[in-house]
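Working notes for the structure below.
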Amino acid sequence: MTTKQWDAVYARAQWAAQRRAPRRPEERDAQAWTPSLAVGAVALAGFGLVQLVYGFSAMATDSCGPDHCPPGVAWPLTAMSLGYFGIFVLTPLAMLAALALPWRIRWRRARIVVASVGLLPHLTVILSLVALLAFG
């Protein structure tokens, strides 16, 4: 190829590059740590209530024992136990997963949803108390 041909190829490449829409870089989310912190604060604040509910429900149903409890009492207690022990596993994992997502603005909703999953064990314990009071 001659120099004129190379110049034409180079000019076409520059023209095509200029025609493309300029890509703006994704903005970094300066508050990406906020959902994990908020869930941690709510989980820590609600842990005392959850522990109180779990402890008193187990004591209140001591008289029926594990073999003599009616199903209306047994399944809420089982769900409550799973929720209580899930607090120590699911809540920290959800907080870490929310922090592990990319710190970009478009991932903000996903971070909030993933961090909010960490509050499900707390909700399970409280709703199990409601079921225990209603069916037990």
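Read-outs throughout are calculated quantities, based only on the coordinates presented, and are distinct from any laboratory measurement. All values derive from a computational prediction rather than experimental measurement.
Brief remarks follow.
- Over the stretch 55-136, the hull volume per residue, using the convex hull of the C-alpha atoms, is 83 Å³.
- CD proxy at 222 nm, helix term only [per DSSP H run n ≥ 4: -39500 (n - 2.57); per residue of the chain; nearest 500]: -24000 deg cm²/dmol
- Multiplying the residue separation of Trp33 and Asp7 by 0.36 nm and subtracting their alpha-carbon distance yields 4.3 nm.
- Principal-axis tilt of helix 3-19 within the chain, Cα atoms, nearest 10 degrees: 40
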